[in-house]
Every structure is written in C-alpha cells, then in structure tokens.
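Contents: one structure, followed by commentary.
The values are calculated or read from the model by the stated rules, or taken from the named source; none is laboratory data. Given the structure is predicted, the values throughout are model-derived calculations rather than measurements. As a convention, Cβ positions derive from the backbone with ideal geometry for all residues, glycine included, and neighbour counts pool all protein chains shown. Keep in mind that these areas ignore ligands, DNA and RNA; they rest on the heavy atoms of the full protein, side chains included. Shrake-Rupley method; radii C 1.70, N 1.55, O 1.52, S 1.80 Å.
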Amino acid sequence: MEEIQRSAPSVEEAVDSALAELGVSEQEVEVSVIQEPRQGLLGIGAQEAVVAVRVRRGESELSDDDLDDQAEAAADFLEGVLERMGVVADVEPTLEDGTMYVDVLGREDDEEDLGLLIGRHGQTLEALQELARVVVVQRTGLRARVVVDVEEYRRRQRSRLAARAREIARRVARSGGEEELEPMNAFDRKVVHDAVADVPGAQSASRGEGADRHVVVQRSR
C-alpha cells in the first residue's frame, strides 16, 4: 500500500494535507497517528502531530503516464460535451503543483460565455467533474486524479476561499470562540488550513465524517 507521512499542528490538519496530496477521500485510506501534538511550556518542547496515511490495496500511486492517460480521457469526454452543446472552446491538460488540471478555455477570437459550463455556484462544473471522473475510471481502471476547470474558476474560488479563511481567522483571534465553515472536500480543507496557519493567534481543525467533514477555526490555545 502507498503510504505518506505528514505533520501539522493538529492530527486533522495532517490528515487533510495527506488526503489532498494523495487525491483520495477518507474512505480510501487507513490513518495511523505516529505522534500526538503537544504545546510545550512557553513554546519549549512543542511538537506537531505526525500521521501516516496509507492508501488501501488497489489504490496504488499513479505515474506521470497514468496522469497523462487520465487527462487524455477527460479531455476527450469534455470535447465531446462541448461539441454536443455547440460551444467553441479549447481543452488543455495542465500539470500544476502536482495536480493534473483539464482546463476548458475560451478562444481569444470568440467571446462565447462559458458560464453555462460552470453553472450557479459551480454546480454544473461539479457535475462535469463527476462525469469526467466516471469516464476516467472506466477507461483507465484507476482512481481519477484529474481536476476539471473552466476559465480557472476553481483556482479563483480557492484563492477567494483562502482570503475568506484568513479573514475568519483574524476575527476569531481577536474575539475568541470559534467559527465553522461549510462542508468541503480535502483539497479545499487544506486551502483553509494553510490560510489559517498564516494568521497568528488562530488555529483550525476538521470535524465530521464523509460529506459532512468541515473546518472549524478557533483561537489558538
């Protein structure tokens, strides 16, 4: 089984970081806590949580060739969708920071609005993502690791999510208490954890299971 170790201020953050890097859900892994976090005295002797996250048998690591095959399968599917819809756009696979994006981009000489592919609050894009995932699994027999994006919508959303998380963290650091964010996937939870970690006096943790798993931002103890 594939296994990676990650450390973070809390066990939940370390697990989320590993899930985001592996591109899998909580249901696809086994988690072992190697070291519990400890605050120490006046910052002396503090230690981060360390976890080992193992992908279950049958969910092996993907090679660059595997990612290329998945990107090709997703691109073929999306090009077919665009053709049936009569939408003129380019589909371009892009490997970025270890993530294989399959981008749908409008052409410079065509002002066609691709908002239809994104939908209200990104719901249509999420549906395209799920359909592409099914196609990739059927064609390659491997877990899907590609991310479908339209005009960098997902990237912009994650940038806004990070800004929002920092704003919440600053508010919590001033006032105390805690604030919960809506349920989100491991990739987005990692965005939140990383953003909160940049704010002195705030910390974050994940709660809930499956589709209800979400991030809670708290004042640092």
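Residue count for the stretch 162-182, restricted to those that are surrounded by 16 or more Cβ atoms within 10 Å (Cβ to Cβ) and within 20 Å of the chain's Cα centre (by Cα): 6. Report yes if Val148 is at pLDDT 90 or above, within 15 Å of the chain's Cα centre (by Cα) and buried (at least 17 other Cβ atoms within 10 Å of the Cβ), otherwise no. Judged against the criteria, Val148 is a match. Note on the stretch 59-92: residues that are under 25 Å from Glu26 (Cβ atoms), part of a helix (DSSP H, G or I) and of a type in the set (D, E, K, R) amount to 1. Among the residues of the stretch 186-209, those that are open to solvent by 30 Å² or more (accessible area, probe 1.4 Å) and touching a residue at least 40 places away in the same chain (Cβ under 8 Å) comprise Phe187, Lys190, Ala197, Gln203, Arg207, Glu209. Within the stretch 29-43, the presence of a residue that is part of a loop (DSSP other than H, G, I, E, B), more than 23 Å from Val196 (Cα to Cα), open to solvent by less than 70 Å² (accessible area, probe 1.4 Å) and modelled with pLDDT under 85 is excluded. Quick check: is even one residue across the stretch 98-115 within 21 Å of the chain's Cα centre (by Cα), at pLDDT 90 or above and within 25 Å of Glu13 (Cα to Cα)? Checking the stretch 98-115: at least one residue is within 21 Å of the chain's Cα centre (by Cα), at pLDDT 90 or above and within 25 Å of Glu13 (Cα to Cα). Those strands (runs of 3 or more DSSP E) of the stretch 103-221 in which at least 2 residues are closer than 25 Å to Ser7 by Cβ and touching a His at 6+ places or on another chain (Cβ under 9 Å), considering only elements entirely within it, cover 202-207.
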